[in-house]
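First comes the structure, then the notes that go with it.
Only the coordinates and a few stated rules stand behind these numbers; no lab work does. Since this is a predicted model, take the numbers as computed values, not measurements. FYI the Cβ positions are ideal-geometry reconstructions off the backbone, even for glycines, and counts take in every protein chain you see.
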Amino acid sequence: GEAGGDELNEGESSPEWCNFDAGIIHFSHPMSLKSDDKFFSTGQLQLKAIEMMIDEINIKRCGVLVNGKRYGIQLTTYGDDSSKEKIGAILQNGMKPSLTSHAITTQGEGGSFWLGPYSSGLTGIMSPYANATNTILLAGGAAATSVFQDYDTIFGTFPPTAMYLAQA
């Protein structure tokens with residue numbers, strides 16, 4: 001497209017051209033969904049950003065291209081009530097690691113991808129379980145070092161809480 005524009009090559013924004021020939025990559029995450037949840041306001045901002053990212057990838061970019069095959073992305077959201085206990089229940093009953101042919105890993109085998117909720121306290125409940133099951137967890141709403149420390153499968157986007165003001 002033109003400088004400053006976000007247009008893609010002709011036909012790429014049309015759903016007719018897109019074929020997820022390799023299947024679907026499933027992302028699961030808990031999120032505060034009720035207006036009286038402690039982390040509702042910030043969680044809704046995070047959820048909207050995730051939904052926008054998935055729409056951008058699926059619609060404008062026709063999914064993710066890996067080894068010449070296209071994967072679509074699907075999101076499953078579980079209401080967490082801003083509760084550590086609810087996160088634990090979701091992990092045990094809903095967000096089981098899936099080893100299906102519909103997801104990818106570097107070995108081309110099945111895998112599982114989770115997105116963390118808003119807050120280090122809630123995401124910290126997920127970290128040990130995700131790491132023990134070799135599940136990739138993107139903890140975009142967590143900053144406490146304990147969420148990530150010694151966990152090879154947990155990644156974040158915030159600086160550590162002790163470093164928040166250092167960037168300013």
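Annotation: lysines with alpha-carbon distance below 21 angstrom to LYS84 (same-chain offsets under eight excluded): LYS34, LYS38, LYS96.
The calculated FRET efficiency for the pair ILE54 and THR133, based on their C-beta separation and a Förster distance of 25 Å, comes to about 0.65.
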